[in-house]
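Structure first, commentary second.
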Amino acid sequence: GATFLVGAAVVAALPRDALRRPAGAADELHASIRSDLAVGWRALRAHPDALPLVGAEIVSSAVYGALTVLFVLVGQRLGLGAAGYGYLLSALGVGAVLGAGVAHRAAAAGRPRRALIAAAAAIGVPLTLLALGNSVAAALVAAAAIGAGQLVTEVVCDTTLQRSLDPTVFARAY
């Protein structure tokens, strides 16, 4: 409950300009979901880097979704019992926290493609090790590396899309 009160206080303290809609947004009529999807698709197609960014986000989210199930199996295979899922998910979270500093620098850099290649490697290579390894320590390190790679992917993709897409169509494009 207290966190919601703090959040409400933060929103209430925002300057009025921060709460306004982007210029031109109020004039647009949203005829249908189909037309909104068409506008969003055109916005993505107008920016050549946007589609790979969305694709990277989809892959990263799919890996995370799969891991929420696969961690149960990996934990059992490693003999961690019922707590194994929690250990692996915690390692994923620790990796994400550690990756936050890298994510900030990667998003601020002018070359998001390089950062995404490194982030994809940080997800893919440890994912293979997680599937094939038999060591608890290696599995925890692999889960942490995956968490770092996923956070970097999310931050770089979101930041780059927000910088490159027109604010009036951003919600429809992504």
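The values are calculated or read from the model by the stated rules, or taken from the named source; none is laboratory data. Owing to the predicted nature of the structure, the values given are computational and were not obtained by experimental measurement. Because the Cβ atoms are built from the backbone with ideal geometry, glycine has one as well, and the counts that use them run over all protein chains shown. When the accessible area is computed, the model is the full protein with side chains, heavy atoms only, and any ligands, DNA or RNA have been set aside. Shrake-Rupley method; radii C 1.70, N 1.55, O 1.52, S 1.80 Å.
Before moving on, here are some points about what is shown:
- Members of the stretch 57-94 found to be under 15 Å from Gly133 (Cα atoms), open to solvent by 70 Å² or more (accessible area, probe 1.4 Å) and under 23 Å from the mean Cα position of the chain (by Cα), listed by number: Leu70
- Against the conditions (1) more than 12 Å from Ala43 (Cα to Cα); (2) open to solvent by 20 Å² or more (accessible area, probe 1.4 Å); (3) not aliphatic (A, V, I, L, M), Gln150 satisfies every one except (2).
- Of all residues making up the stretch 97-113, the number that are within 20 Å of Ile58 (Cβ to Cβ) and surrounded by fewer than 20 Cβ atoms within 10 Å (Cβ to Cβ): 2
- Of all the listed residues (Thr168, Thr160, Thr153), the sole one being outside any helix (DSSP H, G or I), among the polar types (S, T, N, Q) and within 30 Å of Asp36 (Cβ to Cβ) is Thr168.
- Lone unmet requirement of (1) open to solvent by 50 Å² or more (accessible area, probe 1.4 Å); (2) within 19 Å of Thr68 (Cα to Cα) for Asp166: (2)
- Tally, over the stretch 129-144, of residues that are open to solvent by 60 Å² or more (accessible area, probe 1.4 Å) and in contact with a Pro (Cβ under 7 Å, 6 or more places away or on another chain): 0
- Qualifying residue in the stretch 7-26 (condition: at pLDDT 85 or above and surrounded by 10 or more Cβ atoms within 10 Å (Cβ to Cβ)): yes
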